[in-house]
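Any read-out appearing in this document is the output of simple, stated calculations on the displayed coordinates, not a laboratory observation. Just so we're clear, the structure is a prediction, and the values are computed from it rather than from any experiment. When we count neighbours, we look across all protein chains shown, and the Cβ atoms used for this are built from the backbone with ideal geometry, even at glycine.
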Amino acid sequence: MIEQIEHHPLDELLRVDRIPHIWCSTCGLGIVLNSFLTAVRESGISRQDIAVVSGIGCTGRAAGYVNLDSFHTTHGRALPFATGLKLGNPKLKVVVISGDGDLVAIGGNHLIHSARRNMDLTVICVNNFNYAMTGGQFGPTTPPGAKLTTAPFGSYEHPFNLPFLVDSCGATYVARWTVLHVRQMTDAFREALEHPGFSFVEVISPCPTVYGRRNQLGSGLDIVKYYREKSVVRNDIDTRECEIELGGTIVVGRFVRKRKPTYLEKMNEYLRQSVGEAFVPYSGPVDDAGD
Ligand code: SF4
């Protein structure tokens, strides 16, 4: 007899009253959320010291399912909200979880400037190559040739190569995995959480309902089998080599991990030089007891 499991091991980090979630069957988003919460637990960060911010879209719903301080912002604005949160309370670990349409199209300007500043944020960008929640429009990561509602004969635009984009802007941790690579993805999330500065993890994830159906890729399981066939691990390569073509190889791995001053470190250093040794760096709000 199969024993009924009453509690999920990650229950304490989930708002179980919000389950069942809205994500489609065999969508990759549940795997991403499971990996993220596992990484949070493994990293030992307390629930009081972490906040999750997301934008609009299927991925953006993640903020509603985590039992952490979280905020579901307007379209494209997750990064400026997260930046304000971090500057207001530098002790907080601030994580942005959002999709390619939200972070790279509408929020694209915020993305490049957050990376340029080496803002101390962790960004998880779930890339399913389309605007899924709004019905499957093509976007800035759609590979040429892929069919979507606004590209019925196939997209002809050149897409962003996300690892190269954020690397060239100044990100100091950059990785890409697919939802097939659960262990590597979880390790990457944990490394990104521990990394001082702008850390960016792209996750290639199936959207069987919209992108998969339009391009006849089959179920989510079929798409994950495709990842197994087409993924190549190439750690530390030049991020210019991370382009994705329809039906082509998917390069995965950790591409960038380097240390350089974060935005707050630069700001404090500049103010110390300007104000002198009397300068006391801001380290966050005091608690009610005033200490
Ligand atoms: S529409 Fe696509 S991305 Fe959104 S929940 Fe369904 S399968 Fe996932």
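Before moving on, here are some points about what is shown:
- GNM remark for the chain: springs join alpha carbons under 10 Å apart, and the peak mean-square fluctuation among TYR131, TYR65, TYR173 falls on TYR65.
- Taking label positions 7 Å along the Cα-Cβ direction at both GLU241 and ASN89, the computed distance is 4.3 nm, reported to one decimal.
- Calculated FRET efficiency, ASP17 to ARG213, Cβ-Cβ distance, R0 = 51 Å: about 0.95 to the nearest 0.05.
- GLY154 long-range amide H proximity, modeled H, under 5 Å: LEU148
- Contact order normalised by residue count of segment 11-260, Cα under 8 Å, 6+ apart, percent: 19
- In summary, segment 74-143 shows an alpha-carbon radius of gyration equal to 1.14 times the 2.2 N^0.38 Å reference for compact globular proteins.
- The chain - mean residue ellipticity at 222 nm from DSSP helices (-39,500 (n - 2.57) per run, n ≥ 4, rounded to 500): -8500 deg cm²/dmol
- Proximity of backbone amide H atoms, modeled 1.01 Å from N, is registered between LYS93 and ILE50, ALA51 at under 5 Å, excluding neighbours fewer than 5 places apart on the same chain.
- Compactness index (Cα Rg / 2.2 N^0.38 Å), segment 53-169: 1.08
- Ranking of HIS75, HIS8 by count of other Cβ atoms within 10 Å, fewest first: HIS8, HIS75
- Here, P(r) means the percent of Cα pairs in each 5 Å bin from 0 to the largest distance; for segment 49-102 it is 5, 25, 33, 22, 11, 3.
- Extension gain, PHE153 to ARG116: 0.36 nm times the residue separation minus the Cα-Cα distance gives 9.7 nm.
- Mean projected area (nm²) of the alpha-carbon convex hull when segment 120-235 is viewed from all directions: 7.5
- Between ASP69 and VAL182, the contour length at 0.36 nm per residue exceeds the alpha carbon distance by 38.2 nm.
- Here ARG214, ARG259 are placed in order of increasing Cβ neighbour count within 10 Å, fewest first, which gives ARG259, ARG214.
- Residue pairs exceeding 27 angstrom between C-alpha atoms, taken from LYS86/LYS225; LYS93/LYS266; LYS93/LYS225; LYS147/LYS258; LYS86/LYS147: LYS86/LYS225; LYS93/LYS225; LYS147/LYS258; LYS86/LYS147.
- Sequence of MET119, MET185, MET267 once ranked by neighbouring C-beta atoms within 10 Å, starting from the fewest: MET267, MET119, MET185
- Between amide H atoms placed 1.01 Å from N, distances below 5 Å from PHE200 occur with VAL123, TYR173, VAL174, ALA175, all of them 5 or more places distant or on a separate chain.
- At R0 = 25 Å, FRET efficiency that the Cβ-Cβ distance of GLN273 and SER46 yields, to 0.05: 0.15
- Here ASP222 and THR249 are evaluated by their C-beta separation; at R0 = 22 Å the FRET efficiency comes out at 0.80.
- Two-site label geometry, HIS8 and GLU229: point separation in nm, points 7 Å out along Cα→Cβ: 3.1
- Segment 226-291 - Rg (one decimal) and Dmax (whole number), Cα, Å: 22.1, 59
- Using θ = phi - 60° in the Karplus curve 6.51 cos²θ - 1.76 cosθ + 1.60, the 3J(HN,Hα) couplings for segment 267-275 round to 5, 5, 5, 4, 5, 4, 5, 7, 8 Hz; x is entered for Gly and Pro.
- When the chain is treated as a Gaussian network with alpha carbon springs shorter than 10 Å, the biggest mean-square fluctuation among GLY247, GLY218, GLY136 belongs to GLY247.
- All C-alpha to C-alpha distances of segment 162-291, sorted into 10 Å bins beginning at zero, yield P(r) values of 11, 31, 25, 16, 11, 6, 0 percent in whole numbers.
- Surface/4 estimate of mean projected area, convex hull on alpha-carbon atoms of the chain, nm²: 17.5
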